[in-house]
Amino acid sequence: MDWQKLLAPWSEDEARPLRWPEAKTLAFWLAPNIEYYEMAPHANSVRAPWPRPFPDMQNWSWRDYGNRVGVWRCLELFDKHGLKGSVSLNAAMCTHLPEVVQAFVDRGWELFCHGQYNTRYLFGLTPDEERAHIASACREIETFSAKRVRGFLSPALTYNESTLESAAACGIDYVFDVCAADTVVPLKLQNSTLLAIPYSMELNDFFAVVAGGLSARAYVDRFKAQFDQLLEESVLQPKVIGLPLHPYLIGMPQYVWALDQMLAHVRKHDEVWCTRAQEIADHVWQHAVPPDRAGR
Amino acid sequence: MNAYPDHNLFAFRTLRPDRPSTASIPCAMPGQVAVHLAVCIQDFPLTAKPQFAVPGMLDRPFPDLSNWTQRKTALREGLARLEDLFDELAIPVSLVVESEALDELRPFERLLRNDQHSVVAGGAHAAALQSAFADREAEARAVAGVLERLHDALGFPVDAWRSPSGVHSPHTLEVLAASGVRTVLDLNNDELPFVLETASGSLLALPWQHFSSDLHCLHVCKQRLEDYLHDLTQGVRWLKAEAAQTETRIMTLPIHPWIMAAPHRFRAFGAMLREWSSMPGLNFVNAGRIVAG
């Protein structure tokens with residue numbers, strides 16, 4: 001992987017011609033992480049899956065809360081605000097907890113690949129093993145949903161040098177692992193191009209609240225500040241704002257009200273295109289990536 | 001395929017009455033939202049080093065005099081403030097007691113023996129993690145020792161358990177069930193009780209919520225107090241609205257006197273509890289009342 005060539009230098013000119021559909025300026029998409037955590041996962045040479053000795057009942061049971069309780073609260077809010085987005089899905093959910101996945105499928109959400117389990121990392125896999133992991137996960141999701149999987153976010157944000165190439169080799173055409181911009185950026189790989197769609201790590205509930213220590217009130221303030229700034233900038237250049245969520249966190253009573261306020265804030269603005277990642281990608285492929293950069 | 005491929009402790013269920021996957025345990029408690037305040041009364045031995053760092057532990061070189069003595073406010077003025085508040089508001093709570101703290105809790109006998117409250121065994125002390133025992137038998141002896149010491153000191157048996165820092169060994173649940181424990185407060189995955197099956201028998205899991213606690217939000221995440229209390233009150237209001245449409249919800253709020261009873265925090269905490277205690281459809285409960293319901 002030639003990291004220096006991955007991202008083209010930032011240029012206003014290249015992005016300017018792009019406009020979102022119906023003259024909207026800011027694209028908003030929801031990215032709930034629907035994840036399966038094993039209590040007794042395989043060991044990984046780079047990272048321990050749990051911070052405490054087996055069984056890490058405190059942390060494991062909290063993740064379980066997401067599928068038992070939190071996700072249902074989130075779905076009610078998504079329905080309330082008339083929103084559907086793109087699910088960052090561990091494929092194992094299709095096997096172990098299909099009712100959770102079905103709830104999103106029934107509502108027309110996109111499903112993209114977030115690996116097999118959130119406790120099985122890509123760290124240390126050979127390129128062949130990595131491709132097999134991603135391909136297997138995509139296949140499982142496609143079998144469940146009867147729709148092709150096009151998007152990828154690495155499980156637990158774990159990577160090897162080969163990860164982006166492996167994703168492309170598995171038919172992925174857009175990823176969420178690259179945090180370089182608030183616009184869609186083409187990634188130049190050896191023989192292909194991927195789109196990097198903003199996943200908005202600054203707004204990721206886990207990083208903001210757990211790692212960053214924000215209260216729910218402060219998280220709402222951060223979201224509104226980011227949203228309002230990008231909305232203002234998007235008049236000149238179309239922007240994308242994603243909202244990565246983890247139901248085991250945002251679905252807790254003292255945080256879920258914050259999600260309600262954030263979604264209400266989004267819905268107040270007519271100039272926002274509320275959409276799914278696949279529509280963002282489709283629009284960019286069609287209207288903004290020069291043919292010589294597409295490489296598809 | 002099994003919802004949980006790597007254990008068979010309990011079945012999966014969703015907290016949605018319109019699509020139950022297993023029958024939930026009826027929770028016939030009064031009111032729509034049951035607030036379960038769990039007061040964690042801890043002992044921090046000056047010389048004890050836990051197997052790994054857990055939140056709240058003494059973290060400076062020995063002797064960590066300032067942190068060690070700061071934690072002791074929980075066994076002195078801090079607990080006294082809370083006792084007065086609970087008496088004023090007539091609210092039942094759970095007292096999660098680490099047995100090594102008992103010697104310093106003699107001034108609080110009335111609190112511990114008040115049948116308005118429930119006592120939960122909290123292990124021996126804050127560094128006595130369940131994962132540190134050499135084997136199942138050693139863990140079983142330790143659990144039995146804690147239960148016996150509490151029984152001797154309080155004059156009644158204690159059959160509810162909360163592991164120090166929520167840490168488990170591979171044998172903990174089995175050991176607890178075999179030791180006569182009936183109720184465990186170590187899992188953070190639900191908002192209503194459910195049954196756990198172990199090789200030694202069943203346990204009733206009462207919801208715990210470490211990630212709502214003052215220890216996590218204030219001590220670890222360094223949230224501002226006013227934000228934390230505001231978020232909790234919003235959460236209670238959310239649960240009230242939800243429970244009105246579905247069924248009773250339990251909000252478990254673990255608090256640690258060495259944190260929340262510090263004078264600069266206590267006033268606002270008291271104001272919040274006064275507000276909650278006057279909310280229609282909200283009741284305070286403890287472990288015993290949840291089990292009885």
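Select, from A:23, A:92, A:103, A:135, the only residue that is at pLDDT 95 or above and away from chain B (no Cβ under 14 Å).
That would be A:135, the only listed residue that is at pLDDT 95 or above and away from chain B (no Cβ under 14 Å).
Within segment B:63-109, work out how many residues are within 17 Å of the chain's Cα centre (by Cα) and on the phi > 0 side of the Ramachandran plot.
0
Please give the number of the condition residue A:34 fails out of (1) modelled with pLDDT of 95 or more; (2) open to solvent by 10 Å² or more (accessible area, probe 1.4 Å).
With respect to (1) modelled with pLDDT of 95 or more; (2) open to solvent by 10 Å² or more (accessible area, probe 1.4 Å), residue A:34 is out only on (2).
Working only within segment A:217-232, note down all residues that are without any contact (Cβ under 8 Å) to a residue 12 or more places away in the chain and open to solvent by 30 Å² or more (accessible area, probe 1.4 Å).
A:221, A:225, A:228, A:229, A:232
Tell me, which helices (runs of 4 or more DSSP H) wholly within segment A:223-292 include 2 or more residues that are away from chain B (no Cβ under 14 Å)?
Numbers: elements: A:247-250, A:253-267, A:277-287.
Filter on segment A:223-292 gives A:253-267, A:277-287.
Go through segment B:216-246 and give me each residue that's in contact with a Ser or Thr (Cβ under 8 Å, 6 or more places away or on another chain), farther than 10 Å from residue A:215 by Cα and not in a helix (DSSP H, G or I).
none
Can you tell me which residue is farthest from the other protein chains (Cβ to nearest Cβ) among those in segment B:178-196 that are among the polar types (S, T, N, Q) and farther than 20 Å from residue B:52 by Cβ?
B:179
Of all residues being within 14 Å of chain B (Cβ to nearest Cβ) and assigned to a loop (DSSP other than H, G, I, E, B) in segment A:193-216, which is surrounded by the most Cβ atoms within 10 Å (Cβ to Cβ)? Just the residue, please. Write out each step before concluding.
Step one: list which residues in segment A:193-216 are within 14 Å of chain B (Cβ to nearest Cβ), which gives A:205-216.
Among the residues that remain, those that are also assigned to a loop (DSSP other than H, G, I, E, B) are: A:212-215.
Values: A:212: 16, A:213: 16, A:214: 22, A:215: 27.
It comes out as A:215.
Considering only segment B:217-247, state which residues are more than 8 Å from chain A (Cβ to nearest Cβ) and either at pLDDT 95 or above or open to solvent by less than 20 Å² (accessible area, probe 1.4 Å) (or both).
Once the filter is applied, which keeps residues that are more than 8 Å from chain A (Cβ to nearest Cβ) and either at pLDDT 95 or above or open to solvent by less than 20 Å² (accessible area, probe 1.4 Å) (or both), segment B:217-247 yields B:218, B:219, B:225, B:226, B:229, B:233, B:243.
Can you name the residue in segment B:268-293 that is open to solvent by 70 Å² or more (accessible area, probe 1.4 Å) and small (Gly, Ala, Ser) and, of all such residues, is farthest from residue B:116 (Cα to Cα)?
B:278
Starting from residues that are in a loop (DSSP other than H, G, I, E, B) and hydroxyl-bearing (Ser, Thr, Tyr), keep the ones in segment A:37-66 and report whichever is most open to solvent (accessible area, probe 1.4 Å).
A:45
What tally of residues in segment B:176-204 results from selecting those that are open to solvent by less than 30 Å² (accessible area, probe 1.4 Å) and in a strand (DSSP E or B)?
7
Filter segment A:116-164 down to the residues that are touching an Asp or Glu at 6+ places or on another chain (Cβ under 8 Å) and farther than 22 Å from residue A:101 by Cα and list them by number.
Passing the criteria: A:122, A:127, A:159, A:160, A:162, A:163, A:164.
Conditions tested, residue by residue: (1) part of a helix (DSSP H, G or I); (2) surrounded by 16 or more Cβ atoms within 10 Å (Cβ to Cβ); (3) in contact with a helix residue (DSSP H, G or I) (Cβ under 9 Å, 6 or more places away or on another chain).
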{"position": "A:88", "(1), (2), (3)": "no, yes, no"}
{"position": "A:101", "(1), (2), (3)": "yes, yes, yes"}
{"position": "A:111", "(1), (2), (3)": "no, yes, yes"}
{"position": "A:115", "(1), (2), (3)": "no, yes, yes"}
{"position": "A:118", "(1), (2), (3)": "no, yes, yes"}
{"position": "A:144", "(1), (2), (3)": "yes, yes, yes"}
{"position": "A:156", "(1), (2), (3)": "yes, yes, no"}
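Test each condition in (1) more than 7 Å from chain B (Cβ to nearest Cβ); (2) at pLDDT 95 or above for residue A:46 and report the one that comes out false.
So the condition that residue A:46 fails would be (2).
Go through segment A:170-192 residue by residue and tally those that are open to solvent by less than 10 Å² (accessible area, probe 1.4 Å) and in a strand (DSSP E or B).
Here the count works out to 3.
What about residue B:175, is it at pLDDT 95 or above and either within 9 Å of chain A (Cβ to nearest Cβ) or at negative phi (or both)? Spell out the reasoning first.
Values: at pLDDT 95 or above: yes; either within 9 Å of chain A (Cβ to nearest Cβ) or at negative phi (or both): yes.
So residue B:175 passes the test.
Is it the case, given these coordinates, that residue A:258 is open to solvent by less than 40 Å² (accessible area, probe 1.4 Å) and within 15 Å of residue A:81 (Cβ to Cβ)?
yes
For segment B:248-267, how many residues are more than 14 Å from residue B:38 (Cα to Cα), open to solvent by less than 40 Å² (accessible area, probe 1.4 Å) and part of a helix (DSSP H, G or I)?
Number of matching residues: 1.
Hey, can you tell me all the residues within segment A:145-175 that are of a type outside the set (Lys, Arg) and in contact with a strand residue (DSSP E or B) (Cβ under 7 Å, 6 or more places away or on another chain)?
Going residue by residue through segment A:145-175, those that are of a type outside the set (Lys, Arg) are A:145-146, A:149, A:151-175.
Once the filter is applied, which keeps residues that are of a type outside the set (Lys, Arg) and in contact with a strand residue (DSSP E or B) (Cβ under 7 Å, 6 or more places away or on another chain), segment A:145-175 yields A:145, A:149, A:151, A:152, A:153, A:164, A:167, A:168, A:172, A:173, A:174, A:175.
The values are calculated or read from the model by the stated rules, or taken from the named source; none is laboratory data. Owing to the predicted nature of the structure, the values given are computational and were not obtained by experimental measurement. So basically every Cβ, Gly included, is an ideal-geometry build from the backbone, and we count neighbours across all protein chains shown. These area figures cover heavy atoms from the full protein model, side chains too; ligands, DNA and RNA do not enter into them. Shrake-Rupley method; radii C 1.70, N 1.55, O 1.52, S 1.80 Å.
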